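First comes the structure, then the notes that go with it.
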Amino acid sequence: MCNEDRKRILVLFGGCSTEYAVSLQSAAAVLEQIDSARFQVLTVGITREGRWLRYQGPVSALPTDHWHQQDCVPCTLTLDRGDCALLWLDGSGRRETFDAAFPVLHGKNGEDGTVQGIFALAGIPVIGCGLLSSALCMDKDRAHKLAALAGVDVPKSAVFHRSATREEIASAAQALGFPLFVKPVRAGSSFGITRVSLPTDLDAAVTEAFRHDSEILLEEAIPGFEVGCAVLGNEVLTVGAVDEIELSQGFFNYEEKYTLKTSAIHCPARITPELTAAIQQVARTVYRALGCRVFARVDLFLTPEGRIVFNEVNSIPGFTSHSRYPNMMKTAGLSFPSLIARMIELGGQPE
């Protein structure tokens with residue numbers, strides 16, 4: 001790492017993803033809460049079209065998506081291994097060195113191993129999961145298979161490529177039974193996910209899921225409710241408080257996740273200490289099975305019988321003011337600024 005009084009952190013936001021707007025909200029919260037006495041921040045925004053821009057304007061312009069209209073210079077990473085530098089593309093040849101990269105990106109082209117692969121190639125320390133674990137966490141089917149091998153319960157499911165016939169998909173749906181969920185294998189924030197109660201609604205749900213990925217997952221509906229657990233660490237793991245999603249209707253889709261119109265999040269969850277401890281242990285197991293590092297949020301289902309079933313892992317969970325991950329850690333006694341500082345420290349450790 002570069003020898004400076006303050007560590008220089010490259011914060012990435014935006015991205016070519018359906019979750020672009022969420023990334024702007026998360027990055028704004030991180031930039032507002034980071035300890036400027038300990039860390040110097042270099043902000044780089046990636047537009048919806050994929051342009052990398054060195055941003056030097058106010059944080060307040062991020063949530064409104066006005067950031068790219070001002071104070072921006074085209075830039076790129078230098079890929080020479082160990083260089084840890086940002087190169088301005090305005091003809092000046094200016095280079096800015098940094099110590100580690102913090103991708104505050106959600107969804108495809110940011111949370112799925114693509115950006116992490118660039119950093120790995122250049123030997124740049126990453127604050128978050130690496131290439132393989134990011135890709136695995138984004139892939140619901142392969143994540144479930146690895147969790148099952150680690151002894152964790154997973155929903156029954158069936159996977160189909162775009163080349164599958166609708167008859168094959170309908171037959172698998174009948175075997176799983178209704179209601180069920182149709183999901184893109186690789187997508188985030190519930191984009192493309194539909195809860196299907198009747199066979200007549202299956203075709204539209206399949207079409208919607210294929211809009212987001214070339215593979216889809218048919219998954220049994222698990223009774224009960226969703227719980228989550230924040231995990232922090234590399235060799236030694238810290239777990240946050242378990243939270244609980246209370247739904248009044250439907251499922252925890254994109255709108256509910258970011259507006260909470262008809263749902264509520266209880267942190268800590270309204271469950272027994274014994275169930276809390278069991279959920280935290282399952283979260284640790286999944287985190288290890290998928291090779292996660294630094295931080296991730298593990299989402300699970302808790303059935304009325306007390307069965308804990310794996311749902312998914314968010315390798316870069318939301319960091320907005322109402323996001324679950326920082327609130328779980330806050331309930332466990334770790335403030336937002338302290339959490340960010342700890343994440344940066346962990347990201348600087350070798351994989």
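The values are calculated or read from the model by the stated rules, or taken from the named source; none is laboratory data. It should be emphasised that the depicted structure is a prediction, and the values quoted were computed from it without experimental measurement. Positions of Cβ are generated from backbone atoms using ideal geometry, with glycine treated the same way; all protein chains shown enter the neighbour counts. Accessible surface areas use protein heavy atoms only, side chains included; no ligands, DNA or RNA. Shrake-Rupley method; radii C 1.70, N 1.55, O 1.52, S 1.80 Å.
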For segment 198-212, Karplus-derived ³J(HN,Hα) couplings (6.51, -1.76, 1.60; θ = phi - 60°; whole Hz; x for glycine and proline) come out as 10, x, 5, 9, 5, 4, 5, 5, 5, 4, 5, 5, 5, 5, 9
Residues whose built amide H sits under 5 Å from the amide H of Leu334, excluding neighbours closer than 5 in sequence, are none
Between Arg48 and Glu235, what is the label-to-label distance in nm when each label sits 7 Å out along the Cα-to-Cβ direction?
-> 4.6 nm
Full extension between Arg270 and Ala221 adds, at 0.36 nm per residue less the Cα distance, a length in nm of 15.5 nm
Using θ = phi - 60° and the Karplus curve 6.51 cos²θ - 1.76 cosθ + 1.60, what whole-Hz ³J(HN,Hα) does each residue of segment 173-187 get, with Gly and Pro shown as x?
-> 5, 5, 5, 6, x, 9, x, 8, 10, 10, 9, x, 5, 10, 6
Under a straight-distance cross-link criterion of Cα-Cα below 18 Å, which aspartates and glutamates are reachable from Lys145, leaving out those fewer than 8 residues away in the same chain?
-> Asp112, Asp153, Glu215, Glu219, Glu220, Asp299, Glu312
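Leaving out ligands, DNA and RNA, and with a 1.4 Å probe, what % of the accessible surface on the chain is carbon or sulfur?
Accessible surface attributable to carbon and sulfur in the chain totals 51 percent.
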Quick one: which residues, 5 or more positions from His106 or on another chain, have an amide H under 5 Å from its amide H? H modelled 1.01 Å from N in the peptide plane, none for Pro or chain starts.
-> Ser23
Kindly identify segment 1-134 as rounded, prolate or oblate by the Cα gyration tensor criterion: order the square roots of the eigenvalues as a ≥ b ≥ c, call it rounded if a/c is under 1.5, otherwise compare a/b with b/c, prolate if a/b is larger, else oblate.
-> rounded
Amide H neighbours of Asp153 under 5 Å, at least 5 residues apart or on other chains, H built in the peptide plane: list them.
-> Phe310
Report the residues of segment 177-209 in range of a label on Ala170: point 7 Å along Cα→C-beta, backbone N strictly under 14 Å from it.
-> 198-207
How far is helix 273-289 tilted off the main Cα axis of the chain, in degrees rounded to 10, range 0 to 90?
-> 60 degrees
Expressed in angstrom and rounded, the centroid-to-centroid distance over alpha carbons for segment 217-244 and segment 273-325 is 2 Å
